[in-house]
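Reviewing the structure listed below.
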2 protein chains.
Amino acid sequence: MPNAAYRRLKTRFARIATLGEAASMLHWDASAMMPPGGGAARGEQLAALAGLSHELLTAPIVAEDLEIATAEGPWEETNLALMVRTHARATALPTELVEASARANSACEKIWREAKAQADFARVAPALAEVVRLQRETAQALAAALSMDPYDALMDGYQRGVTAADVEPVFAAYEAFLAEALPRAEAIQAARPVALPLPGPFPVAAQRDLCARLSARIGLDYGHARLDESLHPFCGGTPTDVRITTFYDEQDVAKAMLGVLHETGHALYERGLPAAFARQPVGEAAGMAAHESQSLIVEMQACRSDAFLGFLGGELRAAFGGDAAAYAPGNLARHWRRVERGFIRVDADEITYPAHVILRFRLERAMIQGTLEVADLPGAWNEGMQRMLGITPPDDTKGCLQDIHWHDGAFGYFPSYTLGAMAAAQLMKAARAAEPGLDAALAQGDMAPLLSWLRVHVHGKGSLLGFQDLLRAATGRPLDPQDFMDHLRARYLDA
Amino acid sequence: MPNAAYRRLKTRFARIATLGEAASMLHWDASAMMPPGGGAARGEQLAALAGLSHELLTAPIVAEDLEIATAEGPWEETNLALMVRTHARATALPTELVEASARANSACEKIWREAKAQADFARVAPALAEVVRLQRETAQALAAALSMDPYDALMDGYQRGVTAADVEPVFAAYEAFLAEALPRAEAIQAARPVALPLPGPFPVAAQRDLCARLSARIGLDYGHARLDESLHPFCGGTPTDVRITTFYDEQDVAKAMLGVLHETGHALYERGLPAAFARQPVGEAAGMAAHESQSLIVEMQACRSDAFLGFLGGELRAAFGGDAAAYAPGNLARHWRRVERGFIRVDADEITYPAHVILRFRLERAMIQGTLEVADLPGAWNEGMQRMLGITPPDDTKGCLQDIHWHDGAFGYFPSYTLGAMAAAQLMKAARAAEPGLDAALAQGDMAPLLSWLRVHVHGKGSLLGFQDLLRAATGRPLDPQDFMDHLRARYLDA
């Protein structure tokens, strides 16, 4: 009875996903609520859930059922295929390797915090070398099981079906664009009047109200969501109970506000996933690049548009008072669309951000391929920064020590940021073409035309399509950096 | 290798306890944080955790290991004995009975909410009859497995080792005391001047600060705890991350403040459990009556004492301002130690509260024994209230519909409240004898002498001893209602 096998698999994957929901809530709690003394026990709780999930996924009956199960129709067929893939990834790695990696990542991450504080790369280099060694082993084991290139096998864990061969030409095209666009954008910016300062400070309580109101306004239903505070903003929880966080700075309203709009983009994606396939692989978000496209289409494409800045200025002035000129859209753009060559990825503007990602993509790929040694990382980093942005970090804290990712064993993730940014521009162009009233609505703070288009073409698709097919179905083309470059030209070069 | 078996069991029970911690956090979140739309998914998450815990506990290897495991020393021996008991309770019930009960409880609880709102017992009677039928079946199955009386087997699930034979004489003695003490207390109270009103309203933010400060002052370490809000106050979380909640009423500062002191008593117990046996049965709290003794020794014995009320008055005046006379300990006592015959258990004073419990104990025992039909419950209830407190509820909402417990399938729990109140008095007497400076410290808001005694004699014992042995070791006697009656005499009759 093949269908009985598929039904058993659906029940089992739903159970695994339900444990994942529990873990997601406990992660949120750890970041937003937990007193410091709860940390050790929380680690045990999350480890127990992860261990049980792994046992459920790798039990012998799963392989047997996957062998004989059949499914009908595109959703169920894709669901079964995704189960096969999930199972293959979970069973590809020997337990000792998984455990050795977890230990090495955890040890390296701790040392990294000290090394970063002291700008002392040598201090973390041995631990990072061990992380890289185990990541290479992991990549090779996954590659063998999935018949893929090793680096692609790592990237596949974050964004299914996207390979280095997809990424390379896209990044090369962007690099060429950057060389010409960045100096021009800087020159145009320099010729403009300086920005009027925004009146501050911005009391936290008023910021909190504003952030909750704005996120609700653009579509987040607080019957199924919460907004809280954490050191590093994120979007967590589950599709029916999504938890976003932010961090308030009394001196700078933009940090929390634009951050909340960004996380709201993630949250709206989760909220829009197909409920009929909740807790099934096909009902999940389509990957990290797809997820980033949804936060960036909201934050960068929609909320930093001239149209929405007009609306936002009125909201800010109503919340905090002060001179109308400071809140004029042109002045807000001068603050929030400012281009600047900087060392730090998370502070980068839209134009230079991809340079940070391209650098990391090339370096991490070389480390996994074995053509770059950890000891040579700082030099390679600084050389890349000089080549791409014409600046050299004064120390490694502003260079190769700035991000947690590698030091925590995350290799293959970085490309998602820029793939997401590019996909956001491509989707926005298609949405604008399909919804002619989109910008007029944004000027009123109304995201409904954009959101209803995204619900149909992205959110509601879950994981039915891979990243490239999702873009193809929604925009007629696979990922194409042209729309992103056009967007940057229009916003930064043609004005 | 018997010791290998015991080690395996310890690992497994630790895993089960860790899942229980996760569930406890999710329960807290559901009450204190979760948006309403998260309810359905949360139910699934908790059900998945409960199901996995049950599977871990009832796997065939557990019975095999329990058969051959040996342990050395009192802690490990008791731990093994508690594993046997936990396993026996879990395996005594057929899965169909557990599931039928869960469904019946859930269905009845929903109908009860409507029936209570409309004072319509007939509406819930059929559903409650089904709950009782399944509870009787459950009691009989447990009784057979544990060689116990059926009602005792239910009570044993809440407070290990306490039987109806322990409870009956204690409750009978109290009933006799009540008949004489209640009218006297009322007469003494009537002869006193009326209480000066407390100046209100009490802004919620100031109440929140006060509650956090007071609970910290009496020993709760907020590096391992949180205080939040929920509709029904409770203490949840885990020993290293305990979560207490309260509910603020702007008109009445006592509700939240005394409630937080009560929950702090529960929290201090959890915080003081033996860390060396964390996540093992012997490291858990000794049962619900023991737990209630710890909340009541803090709230009723310590915090409503003349000594502590003196300290509290100063704190309240500092927080809310107003006339010093209103905050004098005698006036606070007139508010917070007021005796009144009422219909509602949760609003009852120290003297009449046991009457509510004794009534419920007799009625629920009769329902489990089959000598009281659900249809006859309202009549039996009203008759009991009339006999014990001389009042008859005007309707069933103020009578047998007031509590959720039975309608949610909790039979055998009610005695814990009064056993806890009595144990609290007995422990307080022993603590006072051992720590002569206890009351002088309370007058300064200093709970350290009491707390350090409780840490040694109650908290640190975990489940090493059953309820009666715990009291015997701490006070020289098993539960004896005399100390509680002496306490009430001193507080309400001798003044």
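The values are calculated or read from the model by the stated rules, or taken from the named source; none is laboratory data. Note that the structure is predicted; figures quoted are calculated from it, not measured. In this analysis, Cβ positions are derived from the backbone assuming ideal geometry, glycine residues included, and neighbour counts consider all displayed protein chains. Areas reflect the complete protein model, heavy atoms only, side chains present, ligands, DNA and RNA absent. Shrake-Rupley method; radii C 1.70, N 1.55, O 1.52, S 1.80 Å.
Against the list (1) surrounded by 14 or more Cβ atoms within 10 Å (Cβ to Cβ); (2) in contact (Cβ under 8 Å) with a residue 24 or more places away in the chain, the condition residue B:200 fails is (1).
Residue-by-condition table, conditions (1) within 14 Å of chain B (Cβ to nearest Cβ); (2) under 30 Å from residue A:452 (Cβ atoms):
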site: A:160; (1), (2): no, yes
site: A:175; (1), (2): no, no
site: A:179; (1), (2): no, no
site: A:222; (1), (2): yes, yes
site: A:229; (1), (2): yes, no
site: A:239; (1), (2): yes, yes
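Among the residues of region B:325-365, the one identified as under 22 Å from the mean Cα position of the chain (by Cα), small (Gly, Ala, Ser) and part of a helix (DSSP H, G or I) is B:355.
Taking the criterion of being under 15 Å from residue B:262 (Cα atoms) and open to solvent by 30 Å² or more (accessible area, probe 1.4 Å), the residues of region B:229-241 that qualify are B:229, B:232, B:233, B:234, B:235. Filtered by the rule that a residue be farther than 16 Å from residue A:239 by Cα, more than 7 Å from every other protein chain (Cβ to nearest Cβ) and among the hydrophobic types (A, V, I, L, M, F, W, C), region B:24-39 gives B:28, B:32. One residue alone among A:302, A:254, A:289 is more than 20 Å from residue A:33 (Cα to Cα), of a type outside the set (Asp, Glu) and either within 14 Å of chain B (Cβ to nearest Cβ) or surrounded by fewer than 20 Cβ atoms within 10 Å (Cβ to Cβ) (or both), and that residue is A:254.
The condition (being assigned to a helix (DSSP H, G or I), open to solvent by less than 10 Å² (accessible area, probe 1.4 Å) and farther than 28 Å from residue A:216 by Cβ) is satisfied by just one residue among A:454, A:442, A:450, A:471: A:471.
Number of residues in region A:17-56 that are over 26 Å from the mean Cα position of the chain (by Cα) and not small (Gly, Ala, Ser): the value is 6. For the criterion of being over 26 Å from the mean Cα position of the chain (by Cα), aliphatic (A, V, I, L, M) and in a helix (DSSP H, G or I), residue B:102 fails. Of the residues A:30, A:50, A:22, which is open to solvent by 20 Å² or more (accessible area, probe 1.4 Å) and closer than 21 Å to residue A:228 by Cα? Being open to solvent by 20 Å² or more (accessible area, probe 1.4 Å) and closer than 21 Å to residue A:228 by Cα holds for just one of A:30, A:50, A:22, which is A:30.
Can you run down the residue pairs with Cβ atoms below 9 Å, 6 or more apart or on separate chains, where the first is in region B:284-305 and closer than 15 Å to residue B:413 by Cβ and the partner is among the basic types (Lys, Arg)? Taking only residues 6 or more apart or on different chains, the pairs are B:287/B:160.
For region B:396-408, what are the residues that are surrounded by fewer than 20 Cβ atoms within 10 Å (Cβ to Cβ), touching a helix residue (DSSP H, G or I) at 6+ places or on another chain (Cβ under 7 Å) and part of a loop (DSSP other than H, G, I, E, B)? Walk me through how you get there before you give the answer.
Looking only at region B:396-408, we keep the residues that are surrounded by fewer than 20 Cβ atoms within 10 Å (Cβ to Cβ), and these are B:397-398, B:402-405, B:408.
Right, trim to touching a helix residue (DSSP H, G or I) at 6+ places or on another chain (Cβ under 7 Å) and you get B:397, B:402-404, B:408.
Of everything in region B:396-408, those that are surrounded by fewer than 20 Cβ atoms within 10 Å (Cβ to Cβ), touching a helix residue (DSSP H, G or I) at 6+ places or on another chain (Cβ under 7 Å) and part of a loop (DSSP other than H, G, I, E, B) turn out to be B:402, B:403, B:404.
Results for (1) open to solvent by less than 10 Å² (accessible area, probe 1.4 Å); (2) modelled with pLDDT of 95 or more; (3) not polar (S, T, N, Q), shown as yes or no for each residue.
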site	(1), (2), (3)
B:334	no, yes, yes
B:344	no, yes, yes
B:353	no, yes, yes
B:360	yes, yes, yes
B:372	no, yes, yes
B:382	no, yes, no
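Give region B:104-152 a look and list any residue that's within 13 Å of residue B:369 (Cα to Cα) and of a type in the set (Asp, Glu), or say none. Result: B:137, B:149, B:152. Considering A:297, A:244, the condition of being open to solvent by less than 10 Å² (accessible area, probe 1.4 Å), in a strand (DSSP E or B) and among the β-branched types (Val, Ile, Thr) is satisfied by A:244 alone.
Being on the phi > 0 side of the Ramachandran plot and open to solvent by less than 50 Å² (accessible area, probe 1.4 Å): is that true of residue A:223 here?
No, not satisfied.
In the set B:123, B:103, B:113, B:136, only one residue is touching a Pro at 6+ places or on another chain (Cβ under 8 Å), over 29 Å from residue B:71 (Cβ atoms) and open to solvent by 60 Å² or more (accessible area, probe 1.4 Å); that residue is B:136.
Against the conditions (1) within 14 Å of chain B (Cβ to nearest Cβ); (2) surrounded by fewer than 17 Cβ atoms within 10 Å (Cβ to Cβ), where does residue A:42 fall short? Just the number, please. That leaves (2) as the condition not met.
Screening residue A:278 on (1) among the aliphatic types (A, V, I, L, M); (2) more than 14 Å from chain B (Cβ to nearest Cβ); (3) surrounded by fewer than 24 Cβ atoms within 10 Å (Cβ to Cβ) shows it passes everything except condition (2).
Quick check on this structure: which one of B:96, B:76 is without any contact (Cβ under 8 Å) to a residue 40 or more places away in the chain and open to solvent by 30 Å² or more (accessible area, probe 1.4 Å)? None of the other options fit; the residue is B:96. Counting only residues that are open to solvent by less than 40 Å² (accessible area, probe 1.4 Å) and touching an Asp or Glu at 6+ places or on another chain (Cβ under 6 Å), which one in region B:418-439 is farthest from residue B:354 (Cα to Cα)? Result: B:426. Looking for whichever is within 14 Å of chain B (Cβ to nearest Cβ), part of a helix (DSSP H, G or I) and in contact (Cβ under 8 Å) with a residue 24 or more places away in the chain here; the options are A:21, A:55. Which one fits? Result of the check over A:21, A:55: A:21. Filtering region A:384-395 to residues that are open to solvent by 20 Å² or more (accessible area, probe 1.4 Å) and not in a helix (DSSP H, G or I) leaves A:390, A:391, A:392, A:394, A:395.
Scanning region A:1-18 for residues that are touching a residue at least 24 places away in the same chain (Cβ under 8 Å), more than 7 Å from chain B (Cβ to nearest Cβ) and open to solvent by less than 40 Å² (accessible area, probe 1.4 Å) turns up A:5, A:6, A:9, A:13, A:14, A:16, A:17.
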